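The values are calculated or read from the model by the stated rules, or taken from the named source; none is laboratory data. This structure is a prediction, so every number in the text was calculated from the model and none was measured. Here Cβ is always computed from backbone atoms with ideal geometry, including for glycine, and neighbour counts include all displayed protein chains. Accessible surface is based on the protein model in full, side chains and every heavy atom, while ligands, DNA and RNA are left aside. Shrake-Rupley method; radii C 1.70, N 1.55, O 1.52, S 1.80 Å.
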Amino acid sequence: MLTYDEFKSYVEENILRYMPENYRNAQVQLDRVLKNNGVVLDSLKIMDGTPVTPVLYLNHAYEIYRNGDISLEDNVKKLANDYQSAKQSEEVVSYSKKLSNYTYFDEIRDRIEMRVCNLENNTERLAGVPHKVVADLAITYHIVFQSNDRGVTSMIVNNQLFHLYGITLDQLHETAENNLASQDVKFDSLTNILREKLYIDAYEFCGNEQKAREIVQKELEAMEENSMYIVTNQTGINGASCIMSDKVKEMISEKIGGDYYIIPSSIHECLILPKRDELLPEELQAMIQEVNRTQVLPEEKLSDNLYEYDSKEKKFQISEEALEHRMKQEKELEKKQEQKPSMTP
Amino acid sequence: MQKNLEYSTNDPSRMVSRLIKLEKMIAKKEQERKERRKNVDL
């Protein structure tokens, strides 16, 4: 059994043996890619002189090899096949055209979208890109080239590009905010969202519409309608960023009629809970931390904090800080009332 | 300039499992609090 470093070297030295003749002079390059929350993946690129090349990640390929699911030779062959099918896909062919003008802001203005990540866990990545800080979160900006339910291909606006564009951070943010049209935002009850996702799985499992509906109904029967909501985008990929938009925050408060808590369930979506007496912020925060620890991939985690939106003040805040602020205000009010001279004789 | 294209995905089954887990935890706490209120006259 090869060690991980030996495996990487083996793939680097042998992958071209499984590629067509025209790749014989290509260069294979190993690199490390910094993903969300400081997660680092080992990547492999085959540089053949074309403007767009897919990136293969070796971490997962090694896991498959180590588990004994596939032999070393078959693994390298599979990586070579994966590379070729990605390279020949329509998406990659069309990026080459779309990429030619990406250094001109007017050419990509309509493709800018915002994403949200944890500020503290992404300090290294954020050092090289323009970003806005909101509470303990950071908003970054991305040029989207292709987007559908299967995946989104994009490029982050880094400092180099940002300076080329010659715009301010506020202008970049405003562009992203304006690009987020209301039809791009998905806001629905949790039960409806789950019904949609569970039905696909249930139908694949049993192959019968009626039976699939019954399975879903049974799974969701204990859930109360309209007590929890989800906000995301239409693809459900990196959709938690919708809550960074002022117009989305206001739209939610209009729809549910007031203040609400925001549970950052992942970088892909947020759970929205209308404020009610039965919900205690400290309990919700403990739940967020448990789910992050047990159900969320490290690169998909958004935050361990609970947030809330004050619809009167139009303010988005970490709940703990909002509570401290309210207590401070109450104490000040009490102090003022104590200092007032007594009116009784 | 180096073009660093990123490909992002979201596995629907992972999304469902984290949301169901959160829903169950929240619903349980809410129910407990409602029951307690029924039994205590404040």
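For the stretch A:109-188, chymotrypsin sites (Phe, Trp or Tyr not before Pro) meeting the loop criterion (DSSP other than H, G, I, E, B) and having at most 10 other Cβ atoms within 10 Å: none. Axis of helix A:169-179 versus longest Cα principal axis of chain A: the two differ by about 90°, to the nearest ten degrees. Give me log10 I(q)/I(0) at q = 0.07, 0.11, 0.13 Å⁻¹ for the protein assembly as shown, Debye formula, one equal scatterer per alpha-carbon, no solvent. Evaluating at q = 0.07, 0.11, 0.13 Å⁻¹ gives log10 I(q)/I(0) of -0.41, -0.93, -1.20. For a test of the definition: using alpha carbon positions, the gyration tensor, and the 1.5 limit on a/c, classify the stretch A:11-64 as rounded, prolate or oblate. Oblate, because a/c is 1.5 or more while a/b does not exceed b/c.
With everything on Cα atoms, drop me the angle between helix A:319-339 and the longest principal axis of chain A, reported from 0 to 90° to the nearest 10. That works out to roughly 20 degrees. Distance between the 7 Å Cα→Cβ label points at A:K315 and A:Q234: 3.6 nm.
Rolling a 1.4 Å probe over the protein heavy atoms leaves A:H163 with an accessible area of roughly 140 Å². To put it simply, the accessible area of the protein assembly as shown at a 1.4 Å probe is 48 percent carbon and sulfur. Oblate is the label for the stretch A:38-166. Its Cα gyration tensor axes, ordered a ≥ b ≥ c, give a/c of at least 1.5 and b/c at or above a/b. The mean number of partner chain beta-carbon atoms within 10 angstrom of a residue's beta-carbon across peptide A:235-242 is 2.
How large is the helix-only mean residue ellipticity at 222 nm for the protein assembly as shown, computed as the sum of -39500 (n - 2.57) over DSSP H runs with n ≥ 4, divided by its residue count, in deg cm²/dmol to the nearest 500? That calculation yields -14500 deg cm²/dmol at 222 nm.
First check a/c for the stretch A:220-345, with a ≥ b ≥ c the square roots of the eigenvalues of its C-alpha gyration tensor; if it is under 1.5, answer rounded, and if not, answer prolate when a/b is larger than b/c or oblate otherwise. Prolate, because a/c is 1.5 or more and a/b exceeds b/c. Phi-derived couplings, Karplus 6.51 cos²θ - 1.76 cosθ + 1.60 at θ = phi - 60°, listed residue by residue for the stretch A:249-258: 4, 5, 4, 5, 5, 5, 5, 9, x, x Hz, with x used for Gly and Pro. Residue by residue along A:267-278, Cβ atoms of other protein chains within 10 Å of the local Cβ number 3 on average. Charged side chains reduced to their Cβ positions (Lys and Arg at +1, Asp and Glu at -1) give the protein assembly as shown a dipole of some 240 debye around its Cα centre.
With 50 Å² as the minimum drop in accessible area between chain alone and full protein complex (1.4 Å probe), the stretch A:41-58 contains no qualifying residue.
Between A:K336 and A:N159, the contour length at 0.36 nm per residue exceeds the Cα-Cα span by 58.8 nm. In the stretch B:20-41, comparing the full protein assembly with the chain on its own, the residues that lose 30 Å² or more of accessible surface at a 1.4 Å probe are B:I20, B:K21, B:L22, B:E23, B:M25, B:I26, B:K29, B:E30, B:R33, B:K34, B:R37. Rolling a 1.4 Å probe over the protein heavy atoms gives chain A an accessible area of 54 Å² per residue.
Among the lysines of the stretch A:1-119, pairs that are 8 or more positions apart or on different chains and have alpha carbons within less than 24 Å of each other number 18. Take the alpha carbon atoms of the stretch A:1-54, find their center, do the same for the stretch A:239-312, and report the distance between the two centers in whole angstrom. The two parts, judged by their Cα centres, are 39 Å apart. Per the accessible-area calculation with a 1.4 Å probe, the total area buried between chain A and chain B rounds to 4000 Å².
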